[in-house]
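All of the numbers you see were taken from the coordinates with simple rules; none came from a lab. Computed from a predicted structure; not experimentally measured. Using ideal geometry, Cβ is built from the backbone for each residue, glycine included, and neighbour counts are taken over all protein chains shown.
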Amino acid sequence: MSTNVYDILQERGFIEQTTHEEIRDLLGKEKVTFYIGFDATADSLTAGHFLTVMAMMHMQKAGHRPIALLGGGTTMIGDPSGKSDMRNIMTKETIQHNADCFYKQLSRFINFDNDNAIIANNADWLLSLNYVDFLREVGVHFSVNKMLTAECYKQRMEKGLTFFEFNYMLMQSYDFLKLNQLYGCSLQLGGNDQWSNILGGVDLIRRKEQKPAYGLTFKLLTTSEGIKMGKTMKGAVWLDPNKTSPYEFYQYWRNIEDVKVEECLGLLTFLPMDEVRRLGALKDAEINHAKEVLAYEITKIVHGEEEAKKAQDAARALFGGNMISDDIPTTAYSPEQFNAGIDLITLLVDAKMATSRSDARRNIQQGGVTVNDVKVTEFDKAFTPKDFDSEGRLLVKKGKKAYHCFKVSE
């Protein structure tokens, strides 16, 4: 191995905390089997997961072996880390479906052929556990006093932490132990909100197996206000193109805060760091070029070069005053609906450009909405086919960056 992947991850801004200083030496001298867990709470990975996927790609490129652990078992409990409410209980069938979707998506980024990476599911060992045996084998190594000092539990104590969730740290620690026994996995990676859980697993392996085990956490992708990135008015930014279109995905990254551009270029693209620093240093209007590069590079990794190019062309055409309807979010109504007239508030709410009818009304009254480049301030104005452009469409724009196309269904 040439460049130590630890140095790559550190330079690009991934590393937040490590359990042991010798992790760097370990990654520099031998092939390490490591794991990252993905609880299957939805049928697609999100932009939040993408940072950990990028880390897996860097690690695999450097010759290390990833294990993607699907949480078929832990998803049935729910991780209290970073949560203020208890997770909804899901059926085994839904969790399995979601896990299958995760595997399909991860296979686009990680090479699972010829044992280069492993896909595992903790349902294989968690769902058949004997409770008394588990307490004897694992529970005896955990101090309740120490667990209650963990940040993930402290956040939930005020609202009420259930014993159901209290078990999560033991379950995740047991996952690490099982992966160590089955595959020689000695390193767990995860977001910084997983620090307490990772420490539990490292300690369990060292106590039970008398073998070295390590943990490393990544920084969480947040806005300048400390809110997790990857959320929009419509909800999560998904990696599945059917849930978040490549255009919407591109636009999300194209519109991030100026102060976050360099950080995201380092974490979420493979551009050389000299180029990352050059782009991140651009100021004022020039930073928009850096945002274009960022959006294009991330969309290319997730959706492929062709979709990234289409998304970029569509965005440029929109901002240039033209429109490419195929590549921007579009809603179609029946001829009967449009002939009867559809008010602008309904259009905004249906397109999720407003959170409610009152929010839509406020945006319209404040002059922030245009239809086919004409500002509309009457919130009760209804649109019919006579308002369409020459291509038979309505292009609604809210603010400077949110666009949506409306047309008659065919």
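Structure summary
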{"read-out": "Long-range amide H partners of I67 with built H, under 5 Å", "value": "F34, Y35, I36, I118"}
{"read-out": "Stretch gain in nm, segment E306-K208, where the contour uses 0.36 nm per residue and the Cα spacing is subtracted", "value": "30.2 nm"}
{"read-out": "Whether segment 5-218 is rounded, prolate or oblate, judged on the alpha carbon gyration tensor where a/c under 1.5 counts as rounded", "value": "rounded"}
{"read-out": "Those residues of segment 344-363 whose amide nitrogen sits under 19 Å from the label point placed on K386, 7 Å along Cα→Cβ", "value": "344"}
{"read-out": "In order through segment 293-300: 3J(HN,Hα) via Karplus (6.51 cos²θ - 1.76 cosθ + 1.60), integer Hz, x for Gly, Pro", "value": "4, 4, 4, 5, 5, 5, 5, 5"}
{"read-out": "Reachable lysines, given that their alpha-carbon falls under 18 Å from the alpha-carbon of K309 and they are not under 8 places away in the same chain", "value": "K291, K300"}
{"read-out": "DSSP beta bridges in the chain [antiparallel fraction, %, rounded to 5]", "value": "50 percent"}
{"read-out": "Candidates per trypsin sites (Lys or Arg not before Pro) in segment 369-410, loop by DSSP, up to 10 other Cβ within 10 Å", "value": "K400"}
{"read-out": "Two-site label geometry, E378 and Q337: point separation in nm, points 7 Å out along Cα→Cβ", "value": "2.3 nm"}
{"read-out": "Calculated [θ] (222 nm, deg cm²/dmol) that DSSP helices of n ≥ 4 give over the chain, each run adding -39,500 (n - 2.57)", "value": "-12500 deg cm²/dmol"}
{"read-out": "FRET efficiency, 1/(1 + (r/R0)^6) with R0 41 Å, evaluated for D274 and I227 via beta carbons", "value": "0.85"}
{"read-out": "Cross-link pairs K146/K211; K92/K398; K29/K146 - those with Cα-Cα distance over 32 Å", "value": "K92/K398; K29/K146"}
{"read-out": "Built amide H within the under 5 Å cut-off of T331, gap 5+", "value": "C405, F406, K407"}
{"read-out": "Among (1) 87, 39, 39; (2) 71, 57, 35; (3) 76, 46, 39, the entry that matches Cα extents along the principal axes in Å as calculated here", "value": "(3)"}
{"read-out": "Cβ-Cβ FRET estimate between T149 and D313, R0 fixed at 56 Å, reported to 0.05", "value": "0.60"}
{"read-out": "Fewest-first ranking of D343, D313, D175, using other Cβ atoms within 10 Å as the exposure measure", "value": "D313, D343, D175"}
{"read-out": "Karplus-derived HN-Hα couplings along segment 179-196 (A = 6.51, B = -1.76, C = 1.60, θ = phi - 60°), whole Hz, x at Gly and Pro", "value": "5, 5, 6, 7, 10, x, 6, 10, 9, 10, 10, x, x, 5, 6, 9, 3, 4"}
{"read-out": "Partners for K401 among aspartates and glutamates (Cα-Cα distance below 19 Å; same-chain residues under 8 apart left out)", "value": "E248, E257, D258, D284, E286, E292, D313, D326, D327, D350, D359, D373"}
{"read-out": "Above-threshold pairs, the threshold being 18 Å between Cα atoms, out of K375/K397; K260/K352; K31/K61", "value": "K260/K352"}
